[in-house]
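**Q** Here's a structure for you.
The values are calculated or read from the model by the stated rules, or taken from the named source; none is laboratory data. Computed from a prediction, not measured in an experiment: that's the story for all the values here. Ideal geometry is used to build each Cβ from the backbone, glycine not excepted, and the neighbour counts take in all protein chains shown.
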Amino acid sequence: MVWEPPGRNCGSCGVANCGDFLTLARQGKKDLPDCPYYPRQAGADPVQAMPSRTGRDILGFDYDFVVRPFPKEPSARRYIQPFRADLIERWEIRPGDILRGRPVEPSCPVQHVLRVISVDPVTAILACHTVGPVAARKSGVVHDIRAYHEIAFEGMAETVRHEPVVGFRMRFLPANCMRQLVHSGVVQMVLNKSFGTHVKIEDIQMHGKREKLKDITIRPGDSVSIEDPSGARKIVLIDGIRVHGSDGTVLERSRDEPGSGHVPGSGRGHRHDQGGHRHDDCD
């Protein structure tokens, strides 16, 4: 076969890994287009062909948005910090150098090959692209830093469930992640640019640490982005909220009530339950 999958083992083809998929394809039990990375047009780069995003990773965990590379870049930018900052000066690590190592904070079992974009001599933080093992084989020198801290991701945000919101911990999926598993992080920057939404996320964690994820609070008077039945997105103003609890209670909140805006812990709510209609003086 001339074409081979990129080795991400994403499972979208229905097979556990790319090696087994190729074996089944050679036996005629799978078709190459079953792989989401198979080029759909002549001359297309199979690595750049992205699968459809459902809002859930291969284990069923949901995510808010996908972080894609900037135009003409091979991957989303990663900011890493070696455990020994002195190695940057001792090994004279410079932009363009190739690094090999594994992120242990958060823990990931996959060995990464990175190309350095920039070096901060004060913080010892390196901005890098993920370039893969082929780049290491072609490079004359590979710096094996073995383990490092994953500081941040930076790229273009493709909204799937919720738009990135500065200051909130949100779930995201790195488009080039071999494991195709949800990460989470605090959104540090969101910029609307001509090519899309520029986002940077810090304090990276894997999906297992879900107890620290925070929900976004929506109150009457807030403006939110929604998708209508036709698929078009629009900005709407929340005029009132009516929530039905699993215990049969109903909680109402209107825009006209005092304190129903952006001040938490204030205002009054209407509540219906078996004891009749009453007012609550706080949230």
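**Q** Considering region 154-173 alone, what residues qualify as being more than 11 Å from Val66 (Cβ to Cβ) and of a type outside the set (Gly, Ala, Ser)?
**A** Within region 154-173, Glu154, His162, Glu163, Val165, Val166, Phe168, Arg169, Met170 qualify.
**Q** Given (1) surrounded by fewer than 19 Cβ atoms within 10 Å (Cβ to Cβ); (2) at pLDDT 85 or above; (3) under 22 Å from Lys200 (Cβ atoms), where does Gly96 come up short, assuming only one miss?
**A** Here Gly96 clears every test but (3).
**Q** Considering only residues of region 197-230 that are modelled with pLDDT under 75 and among the small types (Gly, Ala, Ser), which is nearest to Leu181 (Cα to Cα)?
**A** Of everything passing the filter in region 197-230, Gly208 is nearest to Leu181 (Cα to Cα).
**Q** Looking only at residues in region 158-173 that are hydrophobic (A, V, I, L, M, F, W, C) and surrounded by 22 or more Cβ atoms within 10 Å (Cβ to Cβ), which one is farthest from Val187 (Cα to Cα)? So that I can check it myself, show each step before the final result.
**A** Within region 158-173, the subset hydrophobic (A, V, I, L, M, F, W, C) is 160, 165-166, 168, 170, 172-173.
Of the ones still in play, those that are also surrounded by 22 or more Cβ atoms within 10 Å (Cβ to Cβ) are 170, 172-173.
Values: Met170: 7, Phe172: 10, Leu173: 13 Å.
Among them, the one singled out is Leu173.
**Q** Residue by residue through region 179-197, note down the ones that are without any contact (Cβ under 8 Å) to a residue 12 or more places away in the chain and in a loop (DSSP other than H, G, I, E, B).
**A** Residue satisfying the conditions is Ser194 alone.
**Q** Just need a number here: residues in region 112-136 that are in contact with a strand residue (DSSP E or B) (Cβ under 9 Å, 6 or more places away or on another chain), touching a residue at least 12 places away in the same chain (Cβ under 8 Å), of a type outside the set (Ser, Thr, Tyr) and in a loop (DSSP other than H, G, I, E, B).
**A** 4
**Q** How many of the residues in region 1-23 are surrounded by 17 or more Cβ atoms within 10 Å (Cβ to Cβ) and in a helix (DSSP H, G or I)?
**A** Final tally of qualifying residues: 3.
**Q** How many residues are at pLDDT 80 or above, surrounded by fewer than 17 Cβ atoms within 10 Å (Cβ to Cβ) and either more than 30 Å from the chain's Cα centre (by Cα) or among the basic types (Lys, Arg) (or both) when one looks only at region 24-34?
**A** Within region 24-34, residues that are at pLDDT 80 or above, surrounded by fewer than 17 Cβ atoms within 10 Å (Cβ to Cβ) and either more than 30 Å from the chain's Cα centre (by Cα) or among the basic types (Lys, Arg) (or both) number 2.
**Q** Within the group Pro103, Pro71, Pro109, which residue is part of a strand (DSSP E or B) and in the same structural domain as Gly132 (by TED's automatic domain parsing)? Walk me through how you get there before you give the answer.
**A** Details: Pro71 fails: part of a strand (DSSP E or B); Pro109 fails: part of a strand (DSSP E or B).
On inspection, the qualifying residue turns out to be Pro103.
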